């Protein structure tokens, strides 16, 4: 399937709409800059945000919770966060609207050693699973356990910092860990042929993953700016899918300590998370209403919402260009 975007469409930002000149916008990432953030740095380097009237400040993140709360409270204009976390922030009274999906596939998965004998979710019963306390995987685990016919209480959760999970798994301190797929190459390089892996999406639970949310009040007052930001960002993602090397170079130039080779692999894994039927047919970054409702229901039942809300009022596809579609990218086992 060919990527449906011309070079001309990439360069002509007038079609994206233009904000008032030098409109100051802050965008808080979900984490420290990595391959998954390359499109934002590429668009900034190329001057696309500036050409659209946006003076963009990219901010390093400290997790989805912080980014979602910052956007919901208006501390920052935009935030990049897990969709479930954005919903929790809205349920707490936050004012945020999701304007572009990034991870069409839920990025979470389980990693284990094949030598342990684990082959499926059912085999995790009686085992120790390592991940950070408060991690979304723990909250969503009951849904995955139910989908696979096992008791959610049959596993023991072990508190581990994000950087300690792989070492603990390799040492046998835990039997399995949860991890996002854009670190798949790190586990594969370390564990080799002994790596066991299962994506949550293939085990019956596939809520939306990372998405870009804007402060709701800002959206109402600055609709042209939001429209320009989304369209530039969507085109930047399209450009990076078509030709990733310049995007990775822009990322590395803006963030010391990153290695282009490593971040390129990270980006290639992100492409796999971006590709699903909706992004391939409706548009890159598109939210499917049924899946958004399913994600909301999952969050409401298993994560919990302080106050229920109509999810249809807290996301929109109106700023996305339907002519920009994602290519088919099969996930690497």
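The values are calculated or read from the model by the stated rules, or taken from the named source; none is laboratory data. A quick note: this is a predicted structure, and the numbers were derived from the prediction, not measured. A quick note on method: Cβ atoms are made from the backbone with ideal geometry, for glycine too, and the neighbour counts reach across all protein chains shown.
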Answer with yes or no whether residue 136 is more than 27 Å from residue 228 (Cα to Cα), outside the structural domain of residue 288 (by TED's automatic domain parsing) and in contact with a strand residue (DSSP E or B) (Cβ under 7 Å, 6 or more places away or on another chain). yes
Residues within region 174-187 that are assigned to a helix (DSSP H, G or I) and at pLDDT 95 or above, tallied: 1
Being out of contact with any strand residue (DSSP E or B) (no Cβ under 6 Å at 6 or more places or on another chain) and at positive phi is the requirement here; does residue 117 meet it? yes
Regarding residue 317, is this residue within 20 Å of the chain's Cα centre (by Cα), crowded, with 17+ Cβ neighbours inside 10 Å, over 25 Å from residue 152 (Cβ atoms) and without any contact (Cβ under 8 Å) to a residue 60 or more places away in the chain? yes
Positions within region 146-155 being farther than 22 Å from residue 180 by Cβ and not in a helix (DSSP H, G or I), in sequence order: 149, 150, 151
Would you confirm whether any residue within region 43-64 is crowded, with 24+ Cβ neighbours inside 10 Å and more than 19 Å from residue 247 (Cβ to Cβ)? yes
Within region 287-301, track down each residue that is crowded, with 22+ Cβ neighbours inside 10 Å and not in a helix (DSSP H, G or I). 287
Answer yes or no as to whether residue 324 is part of a loop (DSSP other than H, G, I, E, B), under 26 Å from residue 51 (Cα atoms) and either in contact with a helix residue (DSSP H, G or I) (Cβ under 8 Å, 6 or more places away or on another chain) or in the same structural domain as residue 60 (by TED's automatic domain parsing) (or both). yes
Without any contact (Cβ under 8 Å) to a residue 60 or more places away in the chain, under 20 Å from residue 135 (Cβ atoms), touching a strand residue (DSSP E or B) at 6+ places or on another chain (Cβ under 6 Å) and surrounded by fewer than 23 Cβ atoms within 10 Å (Cβ to Cβ): does that describe residue 168? yes
Being out of contact with any helix residue (DSSP H, G or I) (no Cβ under 7 Å at 6 or more places or on another chain) and not in a helix (DSSP H, G or I) is the filter; apply it to region 156-169 and report the residue that is nearest to residue 204 (Cα to Cα). 156
With respect to residue 172, determine if the residue is in contact with a helix residue (DSSP H, G or I) (Cβ under 9 Å, 6 or more places away or on another chain) and either farther than 24 Å from residue 105 by Cβ or assigned by TED's automatic domain parsing to the domain that holds residue 64 (or both). yes
Listed by first then second residue, the pairs whose first member lies in region 178-200 and is without any contact (Cβ under 8 Å) to a residue 40 or more places away in the chain and on the phi < 0 side of the Ramachandran plot, whose partner is outside any helix (DSSP H, G or I) and surrounded by fewer than 20 Cβ atoms within 10 Å (Cβ to Cβ), with beta carbons under 6 Å and at least 6 positions apart or on separate chains, are 188/195
Which is free of Cβ contacts under 8 Å to residues at least 24 places away in the same chain and over 30 Å from residue 147 (Cβ atoms), of 259, 263, 293? 259
Failed criterion for residue 141 (all others in (1) surrounded by fewer than 16 Cβ atoms within 10 Å (Cβ to Cβ); (2) assigned by TED's automatic domain parsing to the domain that holds residue 181 hold): (1)
Test residue 267 against the criterion of being more than 28 Å from residue 74 (Cβ to Cβ), under 17 Å from the mean Cα position of the chain (by Cα) and crowded, with 17+ Cβ neighbours inside 10 Å, and give yes or no. yes
